[in-house]
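To start, the structure under review is shown below, and the notes come after it.
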Amino acid sequence: MLQAVCPRHGKKVDDGVMKVLLVGRIDNGQLDQTSVQSFYQLGQESSVVDLFITLESDWSFSLPQSVLDGLCSVLVGEVAEVGAVSPEDLSSAIEGLAKEYDLVVAGKGHLMDQVMARCAASLGREPLLGITKIIDKNTLQYQAYNNTILKTVYSEAVPKIITIAPGVGVVDGAGDLADVRAENPKIKLIARTGRAGLATIKASHGNGSGDDNFAGAQIIIGCGAGVDSTASLGLAKELAKVLGAALGASKMTVDAGYLPASALIGQSGKAVSPKVYLALGVSGSMHHLGAVQGADIIIAVNMDSEAPIIKMSDYSLIGDVSEIVPKLTALLKDWDNHHGY
Ligand SMILES: Cc1cc2nc3c(=O)[nH]c(=O)nc-3n(C[C@H](O)[C@H](O)[C@H](O)COP(=O)(O)OP(=O)(O)OC[C@H]3O[C@@H](n4cnc5c(N)ncnc54)[C@H](O)[C@@H]3O)c2cc1C
């Protein structure tokens with residue numbers, strides 16, 4: 001299954017690899033030391049790690065290069081209102097993400113213990129606070145009775161909500177720092193959080209303009225060289241509107257001037273991981289495909305049944321974009337009319 005592969009590392013998540021959401025804190029523009037230590041404690045060889053942080057307006061921060069290299073994605077909750085995010089906001093943002101992971105991890109501390117305890121309670125889990133060692137995704141250790149006894153917890157509950165004790169996984173210095181900005185392909189805006197109570201994780205819907213930054217888009221329509229006229233672009237835009245999809249592009253479509261560079265998906269553009277990636281007239285070059293492997297479902301519309309993307313797709317429709325797309329749009333409109341969406 002495509003969705004079981006980390007697009008960056010190619011690790012198969014099924015093969016005993018832990019899917020981890022690391023809830024990090026940004027302090028003075030840097031990932032704080034407890035978050036960095038927690039990262040090193042995870043044993044990155046056997047885990048796929050996404051970092052979740054909240055940022056205010058300026059989407060930039062720094063973290064050790066070795067941490068950045070080991071992350072699959074950085075999920076950013078944008079703080080809608082400047083000021084500290086409350087534990088309530090943070091825990092409800094994390095709850096929305098937690099079901100995708102085996103472990104939800106934060107560095108132990110007053111705020112994170114509160115956040116994780118709240119989050120665990122809402123998910124009906126027992127919070128495991130102050131873990132000292134992660135042996136595997138079901139086996140964790142912590143020190144009890146004033147650090148005199150090492151206890152082992154075994155649990156198959158998913159996700160486990162844990163904090164990691166300070167001082168565990170201490171790193172020799174922070175290493176080289178990497179500055180991360182919004183344009184980094186790993187960065188995804190997934191939520192707006194803040195005291196105004198906007199903490200719910202919602203997929204942002206596209207507007208079919210091709211100017212979306214894809215952040216949080218559940219459906220992305222990728223337009224390749226098969227969308228080779230203003231007329232077929234219009235068809236793709238109409239379909240995007242009906243689906244509430246964001247519009248993306250291959251390099252051919254950007255170079256031809258049909259869509260802006262901000263819509264480029266691929267090695268030179270953005271990596272995306274929507275629920276559905278619908279590729280219209282995209283051949284599936286490695287420069288493009290590597291950036292869409294995070295999609296849960298890939299659907300391809302292509303005239304060529306031998307195109308590489310067909311082999312990567314969960315579903316394919318063999319035929320001309322200009323014939324298939326209007327039919328899809330009409331079917332969806334019909335569906336909407338009958339089901340009242
Ligand atoms: C260093 C480097 C970086 C690159 N970075 C990127 C990048 O970030 N993103 C990117 O996309 N590319 C990138 N490329 C370019 C990449 O190698 C491919 O050339 C490009 O992805 C091909 O785009 P395409 O699939 O739209 O076009 P094509 O490869 O030309 O494929 C068009 C497809 O559409 C089908 N088709 C044609 N007409 C129709 C129709 N009417 N109906 C249905 N199907 C039709 C064809 O059968 C074909 O499969 C990069 C290349 C290099 C060298």
- Note on the structure: The distance between the Cα centres of the stretch 100-117 and the stretch 270-323, in whole Å, is 37
- Task: Indicate the gyration tensor shape class of the stretch 229-268 (rounded, prolate or oblate), computed on the Cα atoms with a ≥ b ≥ c the square roots of the eigenvalues: a/c under 1.5 is rounded; otherwise a/b larger than b/c is prolate and the rest oblate.
- Result: oblate
- Task: Mind giving me the nanometre distance, one decimal, between the label points for S155 and K311, set 7 Å out from Cα along Cα→Cβ?
- Result: 4.4
- Rounded, prolate or oblate: which one fits the stretch 246-306, using the alpha carbon gyration tensor with axes a ≥ b ≥ c (rounded when a/c is under 1.5, else prolate when a/b beats b/c, else oblate)? oblate
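Mind scanning K99/K270; K108/K151; K275/K333; K160/K270; K251/K275 and naming the pairs with a C-alpha gap bigger than 29 Å?
K160/K270
Using packing as a proxy for protection, rank 127-136, 240-249, 310-319 so that the peptide with the highest average count of other Cβ atoms within 10 Å comes first.
Working: 127-136: 18.3, 240-249: 24.8, 310-319: 16.1.
Ranking the peptides 127-136, 240-249, 310-319 by packing returns 240-249, 127-136, 310-319.
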- Using only Cα atoms, what is the ratio of the radius of gyration of the stretch 227-333 to 2.2 N^0.38 Å? 0.97
- Residues whose built amide H sits under 5 Å from the amide H of G222, excluding neighbours closer than 5 in sequence, are G248, L278, A279, L280
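Coordinate-derived values only; no laboratory data. The structure presented is a predicted model; accordingly, all values stated were derived computationally and were not measured. Neighbour counts run over all protein chains shown; Cβ positions are idealised from the backbone, glycine included.
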